[in-house]
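Here is the structure we will look at, set down as structure tokens.
Here, each number is a calculation from the coordinates, and none is a lab measurement. From a predicted model like this one, the values you see are computed outputs, not experimental measurements. We place every Cβ from the backbone using ideal geometry, glycine too, and count neighbours over all the protein chains shown.
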2 protein chains.
Amino acid sequence: MKKKVDKEILQKFFHAAFSVDNVVFGFDESDLKILLIFRGAEPYKGMWALPGDLVYLKEDLDIAAQRVLNDLTSLENIFMEQIHTFGRVNRHPFGRVITVAYYALIKISDYNINASSWAENAMWFSINQLPNLPFDHAEIIEFAKNAFKEKALRQPIGIELLPKNFTLTQLQHLFEAIQETKFDTRNFRKKFLSMGLLIDTNKRSNGSAHRPATLYRFDFTKYNKLQKSGFSFHL
Amino acid sequence: MKKKVDKEILQKFFHAAFSVDNVVFGFDESDLKILLIFRGAEPYKGMWALPGDLVYLKEDLDIAAQRVLNDLTSLENIFMEQIHTFGRVNRHPFGRVITVAYYALIKISDYNINASSWAENAMWFSINQLPNLPFDHAEIIEFAKNAFKEKALRQPIGIELLPKNFTLTQLQHLFEAIQETKFDTRNFRKKFLSMGLLIDTNKRSNGSAHRPATLYRFDFTKYNKLQKSGFSFHL
DNA sequence: GCAAAAGTGTTAGTCATACACCCATGT
DNA sequence: ACATGGGTGTATGACTAACACTTTTGC
């Protein structure tokens, strides 16, 4: 594959590495959360940080991001999206390492720790109560939060954070957490129901000392069809 | 700086490079254009390609992207934004190179070729009539086009492509080109004027065989103020 | 029967859309 | 005077925003 590569070029440029870092979002009935891991290796051993890793020379970027996620949890079909690449010269103490950041959306209710990995020390942190973070991870999270916030307005991706069946109240609280604002209950329900994308499961929530709520699920099939014919979701 | 770096890690990972590639947009009264350069060096010598370059080990990513742009034109204060990072394993014949793509917005009317560089062979191509492109540059342009299209709906960045003074007709044609659609003239003008962000320069366009048009300029100062107090532009 | 969250409609204002003709200039 | 693009207003329907009380359950 390598043909006519100038030795000078090789020496001058080919001594960098890159990593992927995942901002894994979850939601627990009230708060947006992020999954952090406790670093067991240098650099920054002993700090909570974003799950991430160096990318192998023969590994696609997106695959690397998935690998990092698989080391954390055995969930499948996780929503994932690249956000931004952070490339300050001195961001990594080992040398020149730029990092490509992704965010991922996980149903905390389904979440299970993948025991076979360094993820034994993973923990959910409320997005408003994060510990001190190494590298530029604080900046990355800020970026991820905004990217997700924006995107969640125009695509129904937030729903990835809820269990398969959910109540309208849960849905509203989720969107309120993402958008960091409050919505009027009647208008919120009206708008969401009028899109015709929620399927009544004929089940009710139960076990609480108040009126049970209708459980809905999101009609992804219908959404995909509508989208192809020009419909666009917006909150 | 490098402390306790495992030799194995160095050998295993630190043999990659990264580049930046710029999608430079321009507008010429009717068409969106992209600036391509004629490659004078391997790989893909002799093909038209995005202006880009390998990033030095001690050079910030954003600085590298600016450097590439400065090699092309001596314009200052150019709008530039990172879009996405492309990292397929075999995208570069010299080895593992991922590329961070940016787009930049240039006023073609002010554009001048920076003679002191490889940019002597730069040329504007209509976005709908691009030549065959090396690497994954076609994919990058597609990505850039969509990112710009989206962003231009919610921030008045498209205006960066027009000369300082412009007519409402030019403005409409620009937005039509970006959004690949047509707008109703009366509604378009109404909406834009009602934002109160266009300043009548009291000049008229001239030299054409028809009624001269009012020249406006965009009130960036006012826009920045409004934005801070919660106003949000949308087309 | 009371606490706690679920659920429901109407009105007023704002915004988007659709649509056709006269105006000012150069030749 | 004619060709060319510049410039303007209104009416209708759609959507948004504001707002308060009744229902159903567990205890």
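Given the pairs B:K164/B:K222; A:K191/B:K182; A:K191/B:K190, which are separated by over 21 angstrom at their Cα positions? Violating the 21 Å limit, Cα to Cα: A:K191/B:K182; A:K191/B:K190. Looking only at segment B:165-198, which residues have a backbone nitrogen under 20 Å from a spot 7 Å from the Cα of B:R204 in the C-beta direction? Label zone hits: B:165-171.
For the peptide B:18-27, the mean number of other protein chain Cβ atoms found within 10 angstrom of a residue's Cβ is 1.
Label-point distances for B:D200 to the equivalent site in the other copies, using a point 7 angstrom along Cα→C-beta, read 5.7 nm when ranked shortest first. Remark: A:H92, A:H173 ranked as A:H173, A:H92, counting other beta-carbon atoms within 10 Å and listing the fewest first. Amide H contacts for B:L32 (H built 1.01 Å from N in the peptide plane; partners 5 or more residues away or on another chain; cut-off under 5 Å): B:I127.
Taking only the C-alpha atoms, wrap a convex hull around chain A and report its volume per residue in Å³ as a whole number. Provide the component values of the computation, followed by the final result.
Working: hull volume 39.6 nm³, N = 235.
Enclosed volume per residue, from the Cα hull, is 169 Å³.
For B:F220, inter-copy separations between label points set 7 Å beyond Cα along the Cβ vector come to 4.4 nm, shortest first.
Distances between copies of B:I108, taken at a point 7 Å out from Cα along the Cα→Cβ vector and listed shortest first: 5.3 nm. Using R0 = 35 Å, the C-beta based FRET efficiency linking B:K182 and B:E42 works out to 0.20.
By definition, a body whose alpha carbon gyration tensor gives a ≥ b ≥ c is oblate when a/c is 1.5 or more and a/b is not larger than b/c, and the protein assembly as shown fits this oblate description.
Taking loop as defined by DSSP and a crowding limit of 13 other beta carbons within 10 Å, which GluC sites (Glu not before Pro) in segment A:1-97 fit?
On the way: sites: A:E8, A:E29, A:E59, A:E76, A:E81; in loops: A:E29, A:E59, A:E76.
Here the GluC sites (Glu not before Pro) that fit, given the DSSP loop and packing criteria, are A:E29, A:E76.
Other chains near A:95-105: what is the mean number of their Cβ atoms within 10 Å of each residue's Cβ?
Values: counts 8, 9, 3, 8, 1, 7, 1, 0, 0, 0, 0.
Averaged over the peptide's residues, the number is 3.
Across segment B:214-222, computed HN-Hα scalar couplings (Karplus, 6.51 cos²θ - 1.76 cosθ + 1.60, θ = phi - 60°) run 5, 9, 10, 10, 7, 8, 5, 4, 5 Hz from first to last residue, x flagging Gly and Pro. Of all chain A residues, the one whose Cβ lies closest to the rotation axis that maps A onto B, given with that distance rounded to whole Å, is A:T85, 2. For the pair A:I9 and B:L153, label points projected 7 Å from Cα toward Cβ lie 4.0 nm apart. Phi angles of segment A:58-66 translate, via the Karplus equation with coefficients 6.51, -1.76, 1.60 and θ = phi - 60°, into HN-Hα couplings of 10, 10, 5, 4, 5, 5, 4, 5, 5 Hz per residue; Gly and Pro are given as x. Sequentially through segment A:122-131, phi angles give Karplus couplings (6.51, -1.76, 1.60; θ = phi - 60°) of 8, 8, 7, 10, 4, 5, 9, 9, 8, x Hz, Gly and Pro residues having no value and appearing as x. Annotation: amide H-H contacts under 5 Å for B:S19 (H modelled 1.01 Å from N, sequence separation of 5 or more, or interchain): B:V55, B:I98, B:T99, B:V100.
Rounded, prolate or oblate: which one fits segment A:26-161, using the alpha carbon gyration tensor with axes a ≥ b ≥ c (rounded when a/c is under 1.5, else prolate when a/b beats b/c, else oblate)? Don't skip to the end; give the middle numbers.
Numbers: a/c = 1.39, a/b = 1.28, b/c = 1.08.
In terms of gyration-tensor shape, rounded.
Rounded to the nearest 0.05, what FRET efficiency is calculated for A:K190 and B:N128 with R0 set to 56 Å and r the Cβ-Cβ distance? Step by step, r from the Cβ atoms, then E = 0.85. The amide H of A:D60, built 1.01 Å from its N in the peptide plane, has B:V89 as neighbours under 5 Å, considering only residues 5 or more places off or on other chains.
Ordered by the number of other Cβ atoms lying within 10 Å of each residue's own Cβ, fewest first, A:T99, B:T73, A:T181 fall into the sequence A:T181, B:T73, A:T99. Our note on the geometry: Cα centres of segment A:66-85 and segment B:58-86, 30 Å apart. When shorter helices are ignored and each DSSP H run of at least 4 residues is given -39500 (n - 2.57), the per-residue value for chain A at 222 nm works out to -8500 deg cm²/dmol. From least to most packed, judged by other beta carbons within 10 angstrom and beginning with the fewest, A:R88, A:R39, A:R204 follow the order A:R204, A:R88, A:R39.
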